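All remarks here apply to the structure that follows.
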Amino acid sequence: MPQTVPISVTMRSGSVATAQYTYVRPSISSVFPKSGPMAGGTYVTIEGMSLNVGNGVKRVLLNGAMCVILQSSLTQVNCTSYAQNVTGVDMVTVYIDNEVTINNAVTFEYTNNPNYTSVSPLRTIAA
């Protein structure tokens, strides 16, 4: 929940300027899809609140692997997963202003890459 506090600045002349400053706590509520292949390239949507505080989201990690940020807003971050060397489930980590880290119980799973054993049909019409 946002918290608003008054601030005031006293000038050399003795005049005082006042304003309200609001603190918010960013949070993550979901990730979709919840998994993708180790090869990477999965388009991931992370939803939450107050994700654009400060200078906004600067970095996203899925299981420690980078997720290239495509766009971000107050409630959503879209990114594309990098390749990962191992399968597994781990936290989604969002860095705001390269300082604030958000960790939640929201996870992403890297799964084995697909293994294709056949293609059908073997022929098609020319377009």
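Annotations for the structure displayed:
- Evaluating 6.51 cos²θ - 1.76 cosθ + 1.60 at θ = phi - 60° for every residue in region 58-71, the Karplus couplings come out as 10, 7, 10, 10, 10, 6, x, 9, 4, 10, 5, 6, 9, 6 Hz, glycine and proline recorded as x.
- More than 21 Å apart - percent of Cα-Cα pairs taken over region 17-127: 43 percent
- Each principal axis of region 80-127 carries a Cα extent, and these read 55, 26, 18 Å when sorted largest first.
- Net charge, Asn63 excluded, C-beta distance under 15 Å - Lys, Arg +1, Asp, Glu -1: 0
- Accessible area expressed per residue, the chain, with surrounding protein chains retained (probe 1.4 Å, Å²): 69 Å²
- Computed as a quarter of the hull surface, the mean projected area of the alpha carbon convex hull for region 1-58 stands at 6.1 nm².
- Share of carbon and sulfur in the accessible heavy-atom surface of the chain [1.4 Å probe, %]: 52 percent
- Net charge, Val106 excluded, C-beta distance under 13 Å - Lys, Arg +1, Asp, Glu -1: -2
- Relative contact order (%) - criterion: Cα under 8 Å, at least six apart; region: the chain: 23 percent
The values are calculated or read from the model by the stated rules, or taken from the named source; none is laboratory data. All figures in this text were calculated on a predicted structure; none of them were measured in a lab. Neighbour counts are summed over all protein chains in view; Cβ atoms, including those assigned to glycine, are modelled from backbone coordinates with ideal geometry. For accessibility, only protein heavy atoms count, side chains too; no ligands or nucleic acids. Shrake-Rupley method; radii C 1.70, N 1.55, O 1.52, S 1.80 Å.
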